[in-house]
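K.L.:
Before we start, here is the structure in question, set down as structure tokens.
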Amino acid sequence: MSVLHSPCVLGRTRIGLALLAVAALLAGRPMTLWAQAAKGYDEIPIDGIFPDEKEVAKVERQIKPQVLLDTSDSRLNENKAAMDKYFGYFFGQMTHLDRLVELPNDRAKLYKDFATVKNGNVRNYMLTQSLNKANTLANGNYHPGVRYNAMLIIGDLDQVGADLIKQEPPVPYGAALGLLVRAYNDPQQIEAVRVAALLGIQRHAMLASQTWQPAQRDYIIRMMSTLLTQTAEAVNRDPAGHAWMQRRAIETLAAINAEGPKGEVLNLIAAKALDDKAPMSLRLTAAENLGRFPLKAVKLDATQVTSKLAGLAVTACQNELDRVAAMLKQAKADEEELSGANGGYGGYGGAPGMMNEGGAGMPGMPGMPGMMGMGMGMDGQPTGPKDDDYKMNTVRRRIKYQLNAVQLGLRGRPQKSSGIGGTSRETVLGGVIGKLGDKKNEASLTKVTDTIDEIMAIMDNEELLTLEALSTETTAKVKTLRGLVVAMGGAAAPPAEPDGLNLDPADPATLPGPGTVPGPGAAPGPGAPAAPGNPTAPAVTATP
């Protein structure tokens, strides 16, 4: 397990999530309207906690560092009253509406403190303070952005931090899992908090599910399976947001390695991958995670599944090719307008292409880098026309990301093994083809993955300098892949509606709208603080 699941390393992603949550919850309102949108929310008074700002600065710059860096308990024992006040101040200020934009920075500061602490007892003190106070914020009458960030903190708390030197992952704080589960299952909870709780549950599953008791594991599996079977309409949720949440459910189930006794859970995931009407992003996540499972209990026809997933690859490529075609059409129209093809411009006689002589890139931006309008490269050597790197890289990344998801489902994840003479080699094992395929159909199934590899190789071909050239090469190979789909008895894979695919699967393409989701049952009740991995949460009574 990679240490990259540490909240410190994921800080940038979490900051993006927080800003997206606040933006979504304010329904796209500009910053100047935040105060109006925030009316009616509580703020925790902090003026009386410290006599003046100098005392706050003293605790933050002197006392707190001494406590965190102390390898014994002595500094904490000497300064516990000051530290109690500091935590009250720290979490209290998070509720103030005039500093909502600082919430991601507040979380980053807290995570940095946890990364600094040297003593186990001091860490336990910080965990108790953070869990109790963040839970109060997440469930109080505070701004949704405050509540969202507070629940993110709960999900990111670690009993043991990541060791970057030893490449050891963190151990999530087991006492937090019960709070995450209850928040997600609460039908009265706001969607922003439920989204944050879902992220926290996923993180616990990725890092600590191997320590869960069977009953705890089964409970989380039921939760995620319920989410997969629900429709957006049934839970009054925005379809794009619901699809994003279902993607997190699939990733959680894959982290737990939950096929189900008879493969029923895996069948749910496979159904999402093979559903032609499902959003593209959801299908890709489902396809990718099929390759993570042993596929022992599930009954799937390898040829049928391969045909469907190959059709998904065709659809993904065709959607992108259509987008490129629209871009090229618009670029041509813009170039004709700028070059005077529709009437000319005084002094130039209306001659088309005057500005772009020698091979232009973007409309209105003539010539190659370094030598405008002369078709010369940076070193003065002739070069061919080249579209701007941003557009080219975007197309390459989108196609590769989508095809990679399909490939992972078809043949699993690359595994390194020792070759002849001790050399290391990488083989591809598992997936639908490796675990369900048979010798009879092996050749036709392998043609599919080979063709997808060839399309991905086109994306890596740096000699293709323009969108038109890239599109031409890709179109020819996609036609081959479409033929393989038809030969296996599949449909010709008509393009599905794109759904705002996000290239980074760690981030939501969109956050859910209003609505509630009934949970699969009552969440674990309060109990004594648990060891890491135990979803039973402690009773939370403290306030900031």
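K.L.:
Look through the stretch 246-282, keep the residues that are basic (Lys, Arg) and at pLDDT 90 or above, and return whichever of them is nearest to Val195 (Cα to Cα).
P.N.:
From the stretch 246-282, those basic (Lys, Arg) are 247-248, 262, 272, 277; that's our starting set.
Still in the list and also at pLDDT 90 or above: 247-248, 272, 277.
Numbers: Arg247: 12, Arg248: 10, Lys272: 21, Lys277: 24 Å.
Per the stated criteria, the residue is Arg248.
K.L.:
Which one of these is on the phi > 0 side of the Ramachandran plot and among the polar types (S, T, N, Q): Gln66, Gln93, Gln129, Gln167? Can you show your working first?
P.N.:
On the way: Gln66 fails: on the phi > 0 side of the Ramachandran plot; Gln93 fails: on the phi > 0 side of the Ramachandran plot; Gln129 fails: on the phi > 0 side of the Ramachandran plot.
On inspection, the qualifying residue turns out to be Gln167.
K.L.:
Quick one: in the stretch 147-159, which of the residues that are touching a residue at least 60 places away in the same chain (Cβ under 8 Å) and under 16 Å from Arg194 (Cβ atoms) is surrounded by the fewest Cβ atoms within 10 Å (Cβ to Cβ)?
P.N.:
Out of the qualifying residues, it is Leu152.
K.L.:
A further question follows. Can you report the number of residues in the stretch 241-262 which are assigned to a helix (DSSP H, G or I) and not hydrophobic (A, V, I, L, M, F, W, C)? Reasoning before the result, please.
P.N.:
Restricting attention to the stretch 241-262, the residues satisfying the condition of being assigned to a helix (DSSP H, G or I) are 241-256.
Filter once more, keeping what is not hydrophobic (A, V, I, L, M, F, W, C): 241-242, 246-248, 251-252.
Within the stretch 241-262, residues that are assigned to a helix (DSSP H, G or I) and not hydrophobic (A, V, I, L, M, F, W, C) number 7.
K.L.:
In the list Arg182, Arg99, Arg107, Arg123, which residue meets the criterion of being among the charged types (D, E, K, R) and farther than 30 Å from Gly48 by Cα? Working first, answer last.
P.N.:
Values: Arg99 fails: farther than 30 Å from Gly48 by Cα; Arg107 fails: farther than 30 Å from Gly48 by Cα; Arg123 fails: farther than 30 Å from Gly48 by Cα.
After ruling out the rest, the residue left standing is Arg182.
K.L.:
Could you go through the stretch 285-303 and let me know if any residue there is farther than 17 Å from Gln402 by Cα, surrounded by 19 or more Cβ atoms within 10 Å (Cβ to Cβ), out of contact with any Pro (no Cβ under 9 Å at 6 or more places or on another chain) and small (Gly, Ala, Ser).
P.N.:
yes
K.L.:
If you take the residues in the stretch 79-95 that are aliphatic (A, V, I, L, M) and not in a loop (DSSP other than H, G, I, E, B), which one is nearest to Gly145 (Cα to Cα)? Working first, answer last.
P.N.:
To start, the set of residues in the stretch 79-95 that are aliphatic (A, V, I, L, M) comprises 81-83, 94.
With not in a loop (DSSP other than H, G, I, E, B) added as a condition, the list becomes 81-83.
Values: Ala81: 29, Ala82: 28, Met83: 25 Å.
In this case the residue turns out to be Met83.
K.L.:
I'd like the residue in the stretch 69-82 that is of a type outside the set (Val, Ile, Thr) and in contact with a Lys or Arg (Cβ under 7 Å, 6 or more places away or on another chain) and, out of all such residues, is surrounded by the most Cβ atoms within 10 Å (Cβ to Cβ).
P.N.:
Asp70
K.L.:
Determine which member of the set Ala286, Ala302, Ala313 is modelled with pLDDT under 90, among the small types (Gly, Ala, Ser) and under 20 Å from Arg413 (Cβ atoms). Reasoning before the result, please.
P.N.:
Details: Ala286 fails: modelled with pLDDT under 90; Ala313 fails: modelled with pLDDT under 90.
Just a single option satisfies the conditions, and that option is Ala302.
K.L.:
Checking the conditions here, which among Asp98, Asp113, Asp106 is of a type in the set (D, E, K, R), part of a helix (DSSP H, G or I) and more than 24 Å from Gln202 (Cα to Cα)?
P.N.:
Working: Asp113 fails: more than 24 Å from Gln202 (Cα to Cα); Asp106 fails: more than 24 Å from Gln202 (Cα to Cα).
Matching residue, one of Asp98, Asp113, Asp106: Asp98.
K.L.:
Just checking, does the stretch 297-313 include any residue being of a type in the set (S, T, N, Q) and in contact with a Phe, Trp or Tyr (Cβ under 9 Å, 6 or more places away or on another chain)? Before you say what the answer is, go through the steps one by one.
P.N.:
Step one: list which residues in the stretch 297-313 are of a type in the set (S, T, N, Q), which gives 303-304, 306-307.
Keeping just the survivors that are in contact with a Phe, Trp or Tyr (Cβ under 9 Å, 6 or more places away or on another chain) gives none.
No: the stretch 297-313 contains no residue that is of a type in the set (S, T, N, Q) and in contact with a Phe, Trp or Tyr (Cβ under 9 Å, 6 or more places away or on another chain).
K.L.:
So Met223 ticks every box in (1) in contact (Cβ under 8 Å) with a residue 60 or more places away in the chain; (2) out of contact with any Pro (no Cβ under 7 Å at 6 or more places or on another chain); (3) within 19 Å of Arg194 (Cβ to Cβ) but one. Which box is left unticked?
P.N.:
Every condition holds for Met223 apart from (2).
The values are calculated or read from the model by the stated rules, or taken from the named source; none is laboratory data. If you're wondering where the values come from, they're calculated on a predicted model, not measured in any experiment. A quick note on method: Cβ atoms are made from the backbone with ideal geometry, for glycine too, and the neighbour counts reach across all protein chains shown.
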